[in-house]
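I have placed the structure first, in the form of structure tokens, so that the comments after it can refer back to it.
The values are calculated or read from the model by the stated rules, or taken from the named source; none is laboratory data. All values reported here derive from a predicted model rather than from experimental measurement. Quick reminder, even Gly has a Cβ in these numbers, built from the backbone with ideal geometry, and neighbours come from all protein chains shown. We work out accessible area using only protein heavy atoms, side chains counted, and drop any ligands, DNA or RNA first. Shrake-Rupley method; radii C 1.70, N 1.55, O 1.52, S 1.80 Å.
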Amino acid sequence: MTAILLTLVALLVLPWFYARDARRARLRRGEFFANSTELFETYRVTQEGMNYPVLEARYKGLPVRLEPVLDNMGWRKLPSLWLKASLLLPNATRGTIDFLVRPQGIEFYSPSFDFHEHLVVPAAWPQNALLCSLPGVPRPSLERLEPHIKTFDDLKTKELVVTPHGVRLVYQAAQAERADYLVLRQATFTEARVNPALVRALLDRLIAIAADLDAAPAKEAEAA
């Protein structure tokens, strides 16, 4: 009888604990941008279920989007929290290109594996990388992008994407705690909120990239 009662109690209590922990986790994730909202003239934060929130805002008068992406796809690799920072401003060349460093073939958040035209990585750029575009479309000038490749000196910078609709940088905002992941298989991150200095740096870099692309005359757009 005692065993039956204990089983019934467990069946009733365990779901409550699970729901409580899920609510706490969702609220904790929902605060990801709480320290950064003062950077923006206007902003809107949306969150679906247990996902990290997405922030859409105006920064220095320009439309931007910040989207955290939880990556736990790697085998024997600590989960990462990538931050996709996008400036939603069409570039003058209407070009498309993707530069992804240290590709492992599991970057589900990257469009690179749908870009089937592979290009030679310039000598001054990081060489353990994938440079690609879409066949039959213009490409932005690599010379105009080259001054910004120093962004990849920070090894947490993962990707630069240029499309006709804007420019994006992908950055490793956090890495999971080793102990929690190895023992509990949980992706727990020490920093619950993104550093506003990081947000500012990424967005300012995107603005600088977009400005250099817009400064390029149309003839500098490389034919695919």
Where residues in the stretch 41-55 are more than 14 Å from the chain's Cα centre (by Cα) and of a type outside the set (A, V, I, L, M, F, W, C), which of them is modelled with the lowest pLDDT? Gly49
Being modelled with pLDDT under 95, out of contact with any strand residue (DSSP E or B) (no Cβ under 6 Å at 6 or more places or on another chain) and either open to solvent by 60 Å² or more (accessible area, probe 1.4 Å) or not aromatic (Phe, Trp, Tyr) (or both), is that true of even one residue in the stretch 202-210? no
Strands (runs of 3 or more DSSP E) within the stretch 81-172 that include 1 or more residues polar (S, T, N, Q) and open to solvent by less than 20 Å² (accessible area, probe 1.4 Å): 129-133, 157-163
Does the stretch 173-200 hold any residues that are at pLDDT 85 or above and open to solvent by less than 60 Å² (accessible area, probe 1.4 Å), and which are they? Ala173, Ala174, Val194, Pro196, Ala197, Leu198, Val199
